[in-house]
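Step one of this worksheet: look at the structure below.
The values are calculated or read from the model by the stated rules, or taken from the named source; none is laboratory data. Quick caveat, the model's predicted, so the values are computed rather than measured. With ideal geometry, Cβ positions are generated from the backbone for all residues, glycine too; neighbour counts draw on all protein chains shown.
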Ligand SMILES: Cc1cc2nc3c(=O)[nH]c(=O)nc-3n(C[C@H](O)[C@H](O)[C@H](O)COP(=O)(O)OP(=O)(O)OC[C@H]3O[C@@H](n4cnc5c(N)ncnc54)[C@H](O)[C@@H]3O)c2cc1C
């Protein structure tokens, strides 16, 4: 695991009614499947494996939900980074449509799972808005919308006037609305998934940093400070917190910090004027800004932040200043919480699934869009780990490829963020 300084606890930790407290792995244990990482990917896979009667152990360095899954923006968004036509051109007429169906269907899968398991996590399916400030992102959103509509998806373009009504600001020239999106309380959802996985028979361990993963006598042995698990199959689900566990894996992605500031609960009048129908929104711009109003009427404003843990909202002034510019009625509102966490960016901006050796699967690189995708991937990964896939795997399985000149990437990312921020500030 890489150096993970504890960042400011996310607001979700305070409002989830406690955190998980699973015991640390002790002694030598056996499982058919061992999973490294207790976020959406690891927990959803564990849940689906256990529900199918499989013997599974989850090893989490901190506690389930400590990583991005318990501290994200809670936006349940459909689709991938690329437009459907591009996906089909890149991956062909068989895999392409599977990827499209799977990724655009991921929010329905997630809301369905929450309902089936009765997880109380403030889930609402009120849609996602991709908002455009300038003509270039507007044209791009129109292209995406046309391709989605052609495929019968519940997507529509909103003009400047309806954007003003739906957002409470006149900042946007247009937006793309996708009715399948929505929001949830990320830590409540993660803890609910963990409890459901355990209830179905999965063994969950916290405080269990996997220090090594080695082949011994035909099985995979995962070692922590105080114990080990010998398993037939392993899933590595460590996303932005990936360390040196598997050779070259850390170098196949760039962990980028995303940051969020939350206000105190807003008055009904102010809260009622911002996103009154309670969709979630992200801006299609040089740097992504995303926001929503949560179930307590707090505004959660997210975007790129410093590449290190942050203490309070003053570290992301550009976001809180921007919120004030969008809704001047926020003047005087207190920003009570701020935190950040790591998203995993891949070079091709696609999720990566690898099978580098017999019995080892790796799934990571959600590029900041893992709430729905990682939930849905859990079911697909579980089927593959059981060797009883009822349908072809929904995403490409690719060779593990470290990024060339990886150690210079953080600088490149920083430069891109800074230039994006300047461009946004000056309206370029
Ligand atoms: C601030 C922020 C906002 C975001 N907003 C959104 C959003 O609104 N919508 C959206 O779709 N996505 C969002 N994302 C991305 C989303 O949260 C992630 O894509 C998703 O949670 C990934 O889940 P995961 O299970 O793959 O990884 P994580 O939840 O990050 O879990 C990985 C876990 O692996 C553990 N680990 C690492 N190494 C080891 C080891 N050696 N041994 C044991 N355990 C280990 C870590 O402790 C960690 O808990 C956001 C992310 C952040 C950080």
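Which one of 182, 201 is in contact with a strand residue (DSSP E or B) (Cβ under 9 Å, 6 or more places away or on another chain), modelled with pLDDT of 95 or more and buried (at least 22 other Cβ atoms within 10 Å of the Cβ)?
Exactly one residue qualifies, and that residue is 182.
Exactly one condition in (1) crowded, with 20+ Cβ neighbours inside 10 Å; (2) within 23 Å of residue 299 (Cβ to Cβ); (3) within 16 Å of the ligand (Cβ to nearest atom) is not met by residue 126; state its number.
(1)
Go through segment 57-83 and give me each residue that's more than 6 Å from the ligand (Cβ to nearest atom) and buried (at least 24 other Cβ atoms within 10 Å of the Cβ).
Across segment 57-83, the qualifying residues are 58, 64, 65, 70, 76, 78, 79.
If you go through segment 19-76 one residue at a time, how many are in a strand (DSSP E or B) and either more than 19 Å from residue 111 (Cβ to Cβ) or out of contact with any strand residue (DSSP E or B) (no Cβ under 6 Å at 6 or more places or on another chain) (or both)?
Looking only at that region, the number is 14.
When you check residue 369 against the structure, is it surrounded by fewer than 24 Cβ atoms within 10 Å (Cβ to Cβ), touching a residue at least 24 places away in the same chain (Cβ under 8 Å) and within 16 Å of the ligand (Cβ to nearest atom), yes or no?
yes
Please go through segment 180-239 and give me each residue that is more than 10 Å from the ligand (Cβ to nearest atom), out of contact with any helix residue (DSSP H, G or I) (no Cβ under 7 Å at 6 or more places or on another chain) and in a loop (DSSP other than H, G, I, E, B), ordered by number.
Correct list: 217, 218, 225, 226.
If you scan segment 378-395, which residues turn out to be touching a residue at least 40 places away in the same chain (Cβ under 8 Å) and in a helix (DSSP H, G or I)?
Across segment 378-395, the qualifying residues are 378, 379, 380, 381, 382, 383, 385, 386.
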